[in-house]
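Everything below concerns the one structure shown next.
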Amino acid sequence: MKGFLLSVRTKMLFVAMAHFMWMMTFGGHSVFANTVALYTPYPEITVPPGESIDYSVDVINNSGSIKNVGVSLSGVPDGWEHSLKSGGWTIGKVAVMPGEKKTLSLKVDVPHQVEKGVYKFQVVAQGLTSLPLVVTVSETGTFKSEFTSTQPNVEGHSNATFSYNAKLRNMTSEPQFYALRSDAPRGWNVSFRANGKQVSSVNVEANQTLDVAVEVSPPKKIKAGNYKIPIQAVTRSTSADLELEAAVKGNYEIELTTPTGLLSTNVTAGGKKRLELLVKNNGSSTVNDIKLDKRAPVDWDVVFEPNEIKSLEPGENAKVYATIQASKKAIAGDYMATLEANNPDVSEKAAFRVSVKTPVVWGWLGIMLILGVFGGVFQLFKKYGRR
């Protein structure tokens, strides 16, 4: 009987010691849990994608001796940036006086591109205890921007300004500062306008859209054709591309001049002068139905041969003759006659200075009149001078 009781007591003692050892080894929340504790006021929170979470974590020493506590994070999801600091330094171990606490700053950055759900990790006081943390991400996130236009193709002449209306959408969960730029071909000019002002960068709030006007000016001498205009909105961490297209029909540009470039002539009053003119197509489009017209002084006339050019290809020129007839009443001096070549798309003027000279016969008549006057005076003097 005594042996039996001794055996029972031995077994009970063995069980008690085994339980004590298990608690010592695995029961951090029982024996050693009371020596060091971890505390934060917000162990479970809900945030949107891209949020930065700042935790205040207290390491509390409940023992009677100094504790050097190794502190780390465990189970942090992939792609989540984090840092654990105290006193401005990143730490891996903290010494806590008996009955005191040290406050650590834990920062966890939730990615922008993250799935909606519940995420768990923990702060670990190595070999002592741990602090479970739960973060609920409220929605599926993305780190994306969009640059779109409902009318990315615009048609016009090369001397026109191509205007596009675009929308820049910030699909991230924080404000973004976008630099606007273009990789347009050489010689093209691209400008951006937002909120009524010309800009080179814009700020777009989280999950907001901004209207951006894009104005494109091609080189004047450019050939007709379709041209791609790539533009970008870029931040340090995201970007959005938009490809615009300019359908250039070419420009209309003509020149009205003479073979020598001289825009002056002379004519006698009532006389005619035939001028050789050149109409040049300096643009990149064919110019059709060019009519010749004039603005001349009163009682003057200008006749063109021919008075219309059916078609003129880029780089070509056409010869035209203009016959200017001065008024019979014109007195000696300089007059302006404006000649014009135009069609509904383009117009060019050339102002000619026309010097009018008195006919030679009028000069001789004037001389004869003067001589006659002097002769008459001489005869009168001869006849009456002796009296």
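Ordering Leu263, Ile222, Pro175 by Cα displacement along the dipole of segment 157-284 toward the positive end leaves Leu263 in first place; charges were set at the Cβ atoms of Lys, Arg (+1) and Asp, Glu (-1).
Here is the P(r) of segment 145-249: all C-alpha pair distances, binned every 10 Å from 0, give 15, 48, 27, 9, 1 in whole percents. Taking a Cβ cut-off of under 13 Å around Val114, the surrounding Lys, Arg, Asp and Glu residues balance to a net charge of -4, with basic ones at +1 and acidic ones at -1.
Hand me the GluC sites (Glu not before Pro) from segment 199-304 located in a DSSP loop with no more than 15 other Cβ atoms within 10 Å, in residue order please. Don't jump to the answer; show the numbers that get you there.
Working: sites: Glu205, Glu215, Glu243, Glu245, Glu253, Glu255, Glu276; in loops: Glu205, Glu253.
Sparse-neighbourhood loop GluC sites (Glu not before Pro): Glu205.
Which percent of the accessible area of segment 216-328 is formed by carbon and sulfur heavy atoms (probe 1.4 angstrom)? Could you put the intermediate results ahead of the total?
Numbers: 2610 of 5840 Å².
In segment 216-328, the share of accessible area belonging to carbon and sulfur is 45 percent.
For every other residue with a beta carbon closer than 12 angstrom to the beta carbon of Ile231, add +1 if it is Lys or Arg and -1 if Asp or Glu, then tell me the sum.
Net of charged neighbours comes to -3.
From the alpha carbon centroid of segment 266-293 to that of segment 313-336 is 8 Å. Summed over all non-identical Cα pairs, the Kirkwood treatment of segment 49-187 gives a radius of 19.3 Å. Near Ser200: Cβ cut-off under 14 Å, other residues only, Lys/Arg at +1 and Asp/Glu at -1. The net charge is +2.
The values are calculated or read from the model by the stated rules, or taken from the named source; none is laboratory data. Everything numeric in this text was worked out from a predicted model, so none of it was measured. Counting neighbours? That spans all protein chains shown, and the Cβs are built from the backbone with ideal geometry, glycine included. Protein only, heavy atoms only, side chains kept; ligands, DNA and RNA dropped before computing areas. Shrake-Rupley method; radii C 1.70, N 1.55, O 1.52, S 1.80 Å.
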